[in-house]
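Single-structure report; data block below.
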Amino acid sequence: MPLSTINFINISPIAIGSAAIIGAVLGSFYACAVYRYIAGQTLTDPPRSMCPECGHIIVWYENIPLLSYLLLRGKCSSCHKPISPMYPLIESISVLWAVLLMVIYGPSTLWLMYMFFGGLLIVASFIDLKTFILPDIITIPGSIAAIPCAAMLTNTGWQGALIGAGLGGGLFWSLRLLYRGLRGVEGLGLGDVKIMFMIGALSGPQNLPLVITVAAFSGLIASAVMMIVDKKIEYGSMIPFGPFLALGAMLSILYSDTFWIWYLRG
């Protein structure tokens, strides 16, 4: 759906509020998935959330997205050890994603589709930040699902989805081989290649330059800030690139039409 055809006034406050609630609930699930993957647990093991410090079982009123963190002042109610700020951060990003999608696409199949893939990108990004791994359990099924979804639910079509996936994954595969050949070390992981298949299918070939540009610039800015804050980090140190690719993809999904309209008029 082109951005220029949407009447923002017709997006009701109820739809926006519903999107925010759904985003918060899903964000709580995403945070749980990230934590359990890093801890080597499944989503059903243990069956209930608990404090990693003291084992306190989290009751329902301590597990309300965002609100409980504020009411508990970021501490476990039992041992009073700090709760990781990762939880409210993931929940906040999920809420923002759900609301922005609703504002732009309204209550539609596109909203549902982009909510699903946005969730995959959020979970993969935070796992990458913690472990330098983009899990196959996310990138491979996501790549497989992205092609038919983009082909049937957007104006990209089968040709655009396949070309986008091939260009996205193929470009990063080539860059990975080139960097390893020139430097003798890995510069890009296979996870980055796999996630670019998914991102390329969703964005289409026409928006890949926008995705990669946003990812590159945001990655450079983050690296510079990290070197300023932590003097132990040297130039050339590895940083996880998945979160920046996800940022580029999500901004492309939200604002690519606006960008191209602005660019063509400029």
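The values are calculated or read from the model by the stated rules, or taken from the named source; none is laboratory data. This structure is a prediction, so every number in the text was calculated from the model and none was measured. Neighbour counts run over all protein chains shown; Cβ positions are idealised from the backbone, glycine included.
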_2 or more residues more than 21 Å from the chain's Cα centre (by Cα) and modelled with pLDDT under 95: qualifying helices (runs of 4 or more DSSP H) within the range 156-261_ = 157-183, 208-229
*Report yes if Ile133 is touching a helix residue (DSSP H, G or I) at 6+ places or on another chain (Cβ under 9 Å), touching a residue at least 12 places away in the same chain (Cβ under 8 Å), in a helix (DSSP H, G or I) and surrounded by 14 or more Cβ atoms within 10 Å (Cβ to Cβ), otherwise no.*
no
*Where residues in the range 157-210 are surrounded by fewer than 17 Cβ atoms within 10 Å (Cβ to Cβ) and aromatic (Phe, Trp, Tyr), which of them is farthest from Leu121 (Cα to Cα)?*
Tyr179
*Checking Met102 against (1) surrounded by 21 or more Cβ atoms within 10 Å (Cβ to Cβ); (2) under 27 Å from Lys194 (Cβ atoms), the condition it does not meet*: (2)
*Using the structure shown, decide if Ser143 is outside any loop (DSSP other than H, G, I, E, B), surrounded by fewer than 18 Cβ atoms within 10 Å (Cβ to Cβ) and of a type outside the set (D, E, K, R).*
no
*Failed condition for Ser84, given (1) under 20 Å from Ala39 (Cα atoms); (2) not in a loop (DSSP other than H, G, I, E, B), with all others met?*
(2)
